[in-house]
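So the structure is just underneath, and the comments pick up after that.
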Amino acid sequence: MPTHVIEKDVSDERGTLLAFLDAQRGGIRRAFLGLSDEQVRSRPSASEMSLIGLLKHVMHAERNWLELASGTSPDIDAAEAEKRFVAAWHPDESETAPALLAAWREQAAEVERFVRALPTLEDTFALPPAPWFPKDARVSMRWLLLHLIEEIGRHAGHADIIRESIDGKTAFVLVDEEYAQAG
């Protein structure tokens with residue numbers, strides 16, 4: 001991990017979990033530094049993933065989990081859910097990296113507001129019916145945060161590989177560039 005969440009930067013469990021989540025988001029955000037639209041749409045590895053497709057996917061996943069946990073999920077059937085999942089990997093030409101990154105910042109703020117407003121991280125919500133989830137399973141809000149860290153962290157690793165395949169820049173180089181831009 002090229003960045004570290006330092007305990008003195010957070011004051012409680014929620015803050016710590018949210019800080020780790022944001023650290024993982026940062027790995028994906030930094031992968032876009034200095035790249036053109038053509039580069040973020042390219043698929044430079046054996047994978048079908050592009051940086052912009054990866055970004056749209058993690059936004060979709062994070063939005064779905066927030067809707068599920070908050071009880072605001074749309075009532076859709078399995079076929080529509082699969083259609084939306086596939087579409088989330090394929091941004092159209094009107095979806096630019098700057099626009100998606102800005103929307104993701106707003107979504108991250110919404111996730112933080114939701115988590116901070118919870119009475120307790122022990123509150124639970126039902127997992128959706130799916131072959132990979134136990135029937136009638138419920139998970140805690142703590143589980144939600146840990147799962148988002150896991151999901152976004154996994155894809156931050158993909159972003160590292162894609163970015164390095166584009167121009168050779170590693171996550172550590174991009175951290176240095178981000179700090180230099182921040183001044």
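The values are calculated or read from the model by the stated rules, or taken from the named source; none is laboratory data. None of the values given here were measured: they were computed from a predicted structure. No Cβ is skipped: glycine too gets one built from the backbone with ideal geometry, and neighbour counts run over all protein chains shown.
Is one or more of the residues making up segment 1-21 among the acidic types (Asp, Glu), within 21 Å of Arg105 (Cβ to Cβ) and at pLDDT below 95?
From segment 1-21, those among the acidic types (Asp, Glu) are 7, 9, 12-13; that's our starting set.
Keeping just the survivors that are within 21 Å of Arg105 (Cβ to Cβ) gives 9.
After this cut, where a residue has to be at pLDDT below 95 as well, the list is 9.
For segment 1-21, residues among the acidic types (Asp, Glu), within 21 Å of Arg105 (Cβ to Cβ) and at pLDDT below 95: present.
Could we say that Arg163 is more than 14 Å from Ile28 (Cβ to Cβ), among the basic types (Lys, Arg) and surrounded by 13 or more Cβ atoms within 10 Å (Cβ to Cβ) here?
Spelling it out, it is not the case that Arg163 is more than 14 Å from Ile28 (Cβ to Cβ), among the basic types (Lys, Arg) and surrounded by 13 or more Cβ atoms within 10 Å (Cβ to Cβ).
Against the condition over 23 Å from Arg163 (Cα atoms) and out of contact with any helix residue (DSSP H, G or I) (no Cβ under 9 Å at 6 or more places or on another chain), how does Ala109 come out, does it pass? Even if it seems obvious, please write down each step before you answer.
On the way: over 23 Å from Arg163 (Cα atoms): yes; out of contact with any helix residue (DSSP H, G or I) (no Cβ under 9 Å at 6 or more places or on another chain): yes.
Answer is yes for this residue.
Could you check segment 138-157 and list, in sequence order, the residues that are over 21 Å from Met59 (Cβ atoms) and surrounded by fewer than 14 Cβ atoms within 10 Å (Cβ to Cβ)?
Residue satisfying the conditions is Arg138 alone.
Regarding Ala108, is this residue of a type in the set (Gly, Ala, Ser) and in contact with a His (Cβ under 7 Å, 6 or more places away or on another chain)?
no
Which is loosely packed, with under 11 Cβ neighbours inside 10 Å, over 26 Å from Arg142 (Cα atoms) and among the small types (Gly, Ala, Ser), of Ala87, Ala79, Ala97?
Going through Ala87, Ala79, Ala97 in turn, just one is loosely packed, with under 11 Cβ neighbours inside 10 Å, over 26 Å from Arg142 (Cα atoms) and among the small types (Gly, Ala, Ser): Ala79.
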